[in-house]
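J.: Sharing a structure with you now.
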């Protein structure tokens, strides 16, 4: 498993991927964000004529609440691992991470 912040993602965004050690292919990926740039940009523009049009079609990118530090754990342990178990019946036996014991401990505990 390879995970961590990417230079192309905003600083409040965290990504996690599951990569097969055998095939080297990406098996699953998740990106979490606790802020939405579009929503932030429009907050000060609620009186603009196009605001209601934007609001009606807005696809807010926020999909995580909590601390920025919990994003990696949530993306890795709670979403990817549980999703794979629920949809494919697979469990992972090895994890390669960045040394963050909180992520590993969360996986083991759940």
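Only the coordinates and a few stated rules stand behind these numbers; no lab work does. For clarity, every value in this text was computed on a predicted model and none was experimentally measured. Cβ: placed from backbone, ideal geometry, glycine included. Neighbour counts: every protein chain shown.
J.: Starting with the highest mean, order 27-37, 83-93, 61-71 by the number of other Cβ atoms within 10 Å, averaged over the residues of each peptide.
T.: Details: 27-37: 16.8, 83-93: 10.4, 61-71: 15.0.
Top of the packing list down: 27-37, 61-71, 83-93.
J.: Once you have a ≥ b ≥ c as the square roots of the Cα gyration tensor eigenvalues for the stretch 57-96, tell me rounded if a/c is under 1.5, and otherwise prolate or oblate according to whether a/b is larger than b/c. Let's see the in-between values first.
T.: Values: a/c = 3.60, a/b = 1.58, b/c = 2.27.
Oblate, since a/c reaches 1.5 and b/c is not below a/b.
J.: Length gain on complete extension for the stretch residue 94 to residue 54, per 0.36 nm per residue less the alpha carbon to alpha carbon distance?
T.: Details: separation 40, 0.36 × 40 = 14.40 nm, distance 4.42 nm.
Value of the extension gain: 10.0 nm.
J.: How large is the helix-only mean residue ellipticity at 222 nm for the chain, computed as the sum of -39500 (n - 2.57) over DSSP H runs with n ≥ 4, divided by its residue count, in deg cm²/dmol to the nearest 500? Write down the numbers at each step before the final one.
T.: On the way: 5 runs with 35 residues, N = 110.
Calculated from helices alone, the mean residue ellipticity at 222 nm is -8000 deg cm²/dmol.
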